[in-house]
């Protein structure tokens with residue numbers, strides 16, 4: 001951090017901004033926290049800054065999509081390998097009829113090999129429809145397995161492979177990777193295998209989904225940084241060539 005110019009005295013080390021997000025799944029909770037903005041007459045779900053629709057809630061004529069259509073929060077759409085390209089286009093048009101930039105984020109979660117096959121078709125369909133979206137990778141939820149001891153876990157190498165595939169596909173399609181969705185924590189948990197070579201049952205604390213620990217998170221951050229650095233160098237080289 002010091003090499004990047006960040007010391008303990010730097011203002012960024014004492015202040016922070018953060019935003020919250022969750023799947024719009026439990027209606028009584030989200031409806032109870034929905035408010036009308038008195039200055040704009042727009043409705044916002046104040047349970048989070050960003051809500052997303054997932055595999056369980058993405059029906060085009062379903063109540064969840066209808067609810068999300070009526071609020072002005074940024075909206076995420078989780079897509080698996082089961083998502084049909086035209087269905088995704090229709091879903092985007094329902095949730096963002098005016099094609100407003102920043103409104104929609106498409107979050108892919110497929111597994112590395114399926115992503116290489118399926119994601120290009122989704123990208124092409126969205127582009128051909130002229131839709132403005134942000135593409136984000138969730139390399140964790142599509143790679144959950146059950147260990148011999150019955151605990152859910154994830155392989156660090158598989159997570160990294162899907163993330164790498166996400167960048168490869170966007171370079172291939174000429175589109176832009178817009179973000180990464182990870183589950184992590186700073187404690188030395190051993191819920192995901194690989195990277196730090198920990199024994200997974202020794203520090204397994206989650207009651208929901210296995211998370212990356214601090215060392216695995218940093219390792220993945222460096223992988224992403226290196227990929228972005230190479231992309232930037234390649235882009236600068238192309239510009240100088242022209």
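For the reader, a short list of remarks on this structure follows.
- Every condition in (1) at pLDDT 80 or above; (2) under 24 Å from residue 21 (Cα atoms); (3) out of contact with any helix residue (DSSP H, G or I) (no Cβ under 7 Å at 6 or more places or on another chain); (4) outside any loop (DSSP other than H, G, I, E, B) is met by residue 153 except one, and the failing one is (1).
This table checks each residue for (1) loosely packed, with under 14 Cβ neighbours inside 10 Å; (2) in contact with a strand residue (DSSP E or B) (Cβ under 8 Å, 6 or more places away or on another chain).
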{"site": "73", "(1), (2)": "no, yes"}
{"site": "81", "(1), (2)": "no, no"}
{"site": "89", "(1), (2)": "no, no"}
{"site": "108", "(1), (2)": "no, yes"}
{"site": "117", "(1), (2)": "yes, no"}
{"site": "126", "(1), (2)": "no, yes"}
{"site": "133", "(1), (2)": "no, yes"}
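- Residues (in contact (Cβ under 8 Å) with a residue 40 or more places away in the chain and at positive phi) located in the range 108-142: 111
- Scanning the range 169-201 for residues that are closer than 26 Å to residue 50 by Cα and modelled with pLDDT of 90 or more returns 169, 170, 175, 176, 177, 178, 179, 180.
- Flag if residue 163 is surrounded by fewer than 19 Cβ atoms within 10 Å (Cβ to Cβ), within 15 Å of residue 220 (Cβ to Cβ) and either touching a strand residue (DSSP E or B) at 6+ places or on another chain (Cβ under 8 Å) or without any contact (Cβ under 8 Å) to a residue 40 or more places away in the chain (or both): no
- Qualifying positions in the range 203-233 - farther than 18 Å from residue 155 by Cβ, in contact with a helix residue (DSSP H, G or I) (Cβ under 8 Å, 6 or more places away or on another chain) and modelled with pLDDT of 85 or more: 227
The values are calculated or read from the model by the stated rules, or taken from the named source; none is laboratory data. What you see is a predicted model, and the numbers here were worked out from it, not measured in a lab. Cβ coordinates were reconstructed from backbone atoms using ideal geometry, including for glycine residues, and neighbour counts include every protein chain displayed.
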